[in-house]
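Each value in this text was obtained by applying a stated rule to the coordinates, not by laboratory testing. Since the model is a prediction, treat every value here as computed from it, not as a measurement. Ideal geometry is used to build each Cβ from the backbone, glycine not excepted, and the neighbour counts take in all protein chains shown.
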Number of protein chains: 2
Amino acid sequence: MKFNITKKSGNARIGKLNLKHGIIDTPSFMTVGTYGSVKSLTNNELLDCNAQIILCNAYHLMLRPDQKIIEKAGGLHKFMNWNKPILTDSGGYQVFSLSSQTKVSRDGVEFKSPLNGSKVFLSPEKSIEIQINLGSDIMMIFDECTPYPANKEQAKKSMELSLYWAELSHKANTSSMPLFGIVQGGMYSDLRETSLKELLKFNFDGYALGGLSVGEPSALRNDILQKITHKLPKDKPRYLMGVGKPKDIIYAVSQGIDMFDCVIPTRNARNGQLFTSSGILNIRNKQYESDLTPIDENCSCFTCKNYSRAYIRHLDKCNDILAGRLMSIHNVYFYQEFMRKIRFAIESNTLDDLIKNVEHNYIE
Amino acid sequence: MKFNITKKSGNARIGKLNLKHGIIDTPSFMTVGTYGSVKSLTNNELLDCNAQIILCNAYHLMLRPDQKIIEKAGGLHKFMNWNKPILTDSGGYQVFSLSSQTKVSRDGVEFKSPLNGSKVFLSPEKSIEIQINLGSDIMMIFDECTPYPANKEQAKKSMELSLYWAELSHKANTSSMPLFGIVQGGMYSDLRETSLKELLKFNFDGYALGGLSVGEPSALRNDILQKITHKLPKDKPRYLMGVGKPKDIIYAVSQGIDMFDCVIPTRNARNGQLFTSSGILNIRNKQYESDLTPIDENCSCFTCKNYSRAYIRHLDKCNDILAGRLMSIHNVYFYQEFMRKIRFAIESNTLDDLIKNVEHNYIE
């Protein structure tokens, strides 16, 4: 893995991240393909939407299909026929947000499979083993996602467990595959600093901020971002996990973040919520019933070049899955286009103008 | 509309049907796009599957979206962005199979909208008006679909009502757009002959056989087909409505049928049932869990060129709508390829061999 920063403007940076399956431009937004697919879309469509990298989840893929099937296929890239980079999440976040009856010990987490109720054990060692077998381009350490709200005592204890697991994850990586550390510490910037300081000892290939976008107000998150981001190593990729909305992304970029992931573009698309150059549009609103214009006149995605709001709304009313698909294409394209505009703004030192424009269109 | 038969072999024929939006090769299978979309597929994908014509339903499109919206778009082709031929069904079949509280009179049918419970009236005049406004390439007369079983008295009465509606439909066609008559008469070949004889007076552009594939045994349907098909005008397209399975299609072709439509390829695809060169495959069977071969080694569709059975089964398990979509692509392609093989067999006088092959692979 190589990371070259080609331009800086304030704290914001443009870079090229060279991974096993290709080069990605940063700041980069990773579309989420939890189970080894971006729901409803083929890989060709992802490429047409200019997606350079996707995120898959070790937790989900451990539960379904059997790990051995993906190994037999020759890894996740071959199984899903995607030849570009994949970042795999370690499962830490999902264990705590999606599983029931979790029993946490120093060794790892035992939980009940939400699929069939069977007992499953996930540990740093196990998570890294799965990620190695998936053939990930970037692996994440196994951590505990500190919930919000958490008092300082809780946040400290959780952060310390994550640090221990970071060490175990680091040891478990017997491969030469890139592994990112994850800074925890809840909403306490001093805990975040401690977390970072300790993580640096393992010389990870990149550093992520975890435990954000878990229900806290944007202002609180932005405060943490402002205090910690510039302290992350300057020559390594910085990844803000689970964020987010256009406004939140561009703020984080201005603080020096390079990578993002979020289910918003795809999940919201399937619910009729579309991102446009003039804000959010909900296709289910009556006003679009006979609107023969595209979702966004300024968009060049496949959907906008071929279909009208009225037609997509009609498909949605008819429960035709083509609706969710066409809207997913639009939103995935929109996010990639948004990142391209961000990179262009950094290149041309006009990021502040773009921030104002985004804040104007996206009130939330 | 022009129809040229280029080759005959026994009763089977190959032809070119020249319609407003393009030429179709017969025998032809029309993929069903009830509401102005073939569920889950874009028009580009339909073209990649070699679809030359699709069937849409006047009944469904009358109920949703508002007819005025399609008119405002400039017709159904523009609304759905499909530039190839569309045959529209008149709504007769749907009124009787999908609506509740139908009140039939000589003038037409009053029924309760299954969407919102409001009273709707559909008549031959109204159906033709809708089909003209949709901009159909081939319109169908409004008829009553005789149920199965029906005694001779019932079948006769129903057939006579359909004849009256055929006359009204014919009168209502103030356009120059092609209109097909529909032969009814249930399972009584003498009633079918009467129906045909009367319909011929209106010199329709093509003739369909309706009221088949409504629950009767294949042997009974085939008996009717054998008795009536060769009596349909030789120089006009012959359309067997709602059929069907590969075995039934090829038998009908051998009797002289030129056109077909059926929801089987798309509906069954969404339920995991796939057509292959060696018979039917159900992707949900456990045996495909780690099967990394394509659905059909002999198939050149997008799905078979890019994805394995194990991956598609995994998507289906995860309720990813990409599964239904990839399987729809395969089945739509399979049916078009099947029709191409049929045409080739007629061309080379080997239809009997193909029939034996199909009967061997498709027991049902």
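Brief remarks on what is shown
- For A:S40, the residues 5 or more places off, or on other chains, whose built amide H falls under 5 Å of its own are B:I321, B:L322.
- For chain B, the longest principal axis of the alpha carbon atoms and the long axis of helix B:351-361 meet at an angle near 60°.
- Legend: distances between Cα atoms for B:K103/B:K156; A:K20/A:K78; B:K2/B:K72; pairs beyond 24 Å are B:K2/B:K72.
- Projecting 7 Å from Cα along the Cα-to-Cβ direction, the label point of B:Y164 sits 8.7 nm from its equivalents in the other copies, listed shortest first.
- Karplus-derived HN-Hα couplings along segment A:280-293 (A = 6.51, B = -1.76, C = 1.60, θ = phi - 60°), whole Hz, x at Gly and Pro: 8, 10, 9, 4, 6, 5, 3, 4, 8, 3, 10, 8, 8, 8
- Cβ-vector label at 7 Å, B:D190, separations to other copies in nm: 10.2
- The mean sequence distance of close C-alpha pairs (under 8 Å, at least 6 residues apart), as a share of the length of segment A:136-245, puts its relative contact order at 27 percent.
- Positive-end residue of A:I355, A:I342, A:L326, charge dipole of segment A:324-364 with Cβ unit charges: A:L326
- Residue of chain B whose Cβ sits closest to the axis mapping B onto A, with distance in whole Å: B:I321, 2
- Mean partner shielding of peptide B:57-70, defined as the number of other chain Cβ atoms within 10 Å of each residue Cβ, is 2.
- Inter-part distance where segment A:342-364 and segment B:80-120 are each reduced to a Cα centre, Å: 51 Å
- Rounded Å value of the spacing that divides the Cα centres of segment B:123-174 and segment A:19-34: 57 Å
- Of all DSSP beta bridges in segment A:44-149, antiparallel share, percent nearest 5: 55 percent
- Shape call, segment A:264-364: gyration tensor on alpha carbons, a/c limit 1.5: prolate
- In nanometers and ordered shortest first, the copy-to-copy spacing of the B:D235 label point, defined 7 Å from Cα toward Cβ, is 8.6.
- Counted over the protein assembly as shown, the DSSP beta bridges are approximately 50% antiparallel.
- Look at the alpha carbon pairs under 8 Å that are at least 6 residues apart: their mean separation over the length of segment A:223-364 gives a relative contact order of 23 percent.
- Bridging of B:K8 to aspartates and glutamates at a Cα separation below 19 Å is possible for B:D25, B:D235, B:D258, B:E347, B:D352, B:D353, once same-chain residues fewer than 8 apart are set aside.
- Once the Cα atoms are used to define both axes, helix A:124-134 deviates from the longest principal axis of chain A by about 50 degrees.
- Ordering of A:1-10, A:177-186, B:342-351 by packing is A:177-186, B:342-351, A:1-10, highest average first (other Cβ atoms within 10 Å, averaged per residue).
- Placing a label point 7 Å from the Cα of A:H21 along the Cα-to-Cβ direction, the residues of segment A:251-278 with a backbone N closer than 19 Å are A:259-263, A:266.
- Interchain or long-range residues, amide H under 5 Å from A:E144's placed H: A:S162
- Beyond 27 Å in Cα-Cα separation lie the following of the pairs B:K16/B:K227; B:K201/B:K341; A:K119/A:K236; A:K317/B:K286; B:K171/B:K227: B:K201/B:K341; A:K119/A:K236; A:K317/B:K286; B:K171/B:K227.
- Using a cutoff of 8 angstrom between alpha carbon atoms and counting only pairs six or more residues apart, the relative contact order for chain B works out to 17 percent.
- Using θ = phi - 60° in the Karplus curve 6.51 cos²θ - 1.76 cosθ + 1.60, the 3J(HN,Hα) couplings for segment B:16-33 round to 10, 10, 9, 10, 3, 9, x, 9, 10, 8, 10, x, 10, 10, 9, 6, 8, x Hz; x is entered for Gly and Pro.
- Folded to 0 to 90 degrees: helix B:321-347 orientation relative to chain B principal axis, Cα: 70 degrees
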